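Below you'll find the structure, written out as structure tokens, and then a few comments.
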Amino acid sequence: MITRLHTVAALSALGLSMLFCHNAAACSLGGADGPLPAGLSNAMAASALAPASDWHQTVPGMSNPWRAQEPITGMYRFTFTAGGSVADQGFTTWHADGTEIMNSGRAPMTQSFCMGVWTRTGAQTYRLNHWALSWDATGKVFVGPANIREYVTLSRDGNSYAGTFKLTQYDSSGKNVLGVASGTVAATRVTADN
């Protein structure tokens, strides 16, 4: 009974404190770190006032407004080829904030999800720095981190990309290289219709 009373009192105090802290700066945007830059403030205000139905009109026929800013943004089916053989296949998603996540075709017990960061290097070219944690075939022994570097060119229509990859496998200390593989990468955009 006393525990329940303390919980109710704590939640009530928290709720009341929120009523009086309406000017607090969430996520340090403005407030203690200073005001937002004027351009950012104006852009945020304009986007907040824009009708929700206008988001798809950024580029005619484009269902993803982020592609107007970063054309590679979206989900792709990829294939890594090394030495004439398929080394891996799966799905990857490039996010507008410069991050990427991949679902490899490897067995889940060997670690099939990994993440990376990317940057745009030209009008249609990109560089990806991607890290994975590799496990042996049993999924019980940690092999070490693996680094995948991709250099890709997005097609003119934005529906595919191609380029090269280099995979460096490290030991469990992350310091010693166990092996290096390189080859080509090709990917096709996945849409709501395909």
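Quick look at the values:
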read-out: Candidate set from the stretch 116-133 (those that are among the aliphatic types (A, V, I, L, M) and free of Cβ contacts under 8 Å to residues at least 24 places away in the same chain); member that is farthest from residue 153 (Cα to Cα); value: 133
read-out: From 113, 165, residue being within 30 Å of residue 193 (Cβ to Cβ), touching a residue at least 60 places away in the same chain (Cβ under 8 Å) and of a type in the set (Phe, Trp, Tyr); value: 165
read-out: Qualifying residue in the stretch 122-138 (condition: under 22 Å from the mean Cα position of the chain (by Cα), more than 18 Å from residue 92 (Cβ to Cβ), in the same structural domain as residue 106 (by TED's automatic domain parsing) and not hydrophobic (A, V, I, L, M, F, W, C)); value: yes
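The values are calculated or read from the model by the stated rules, or taken from the named source; none is laboratory data. Here the structure is a predicted model, which is why all the values come from computation and not from measurement. Glycine also receives a Cβ, built like all others from the backbone with ideal geometry; neighbour counts cover every protein chain displayed.
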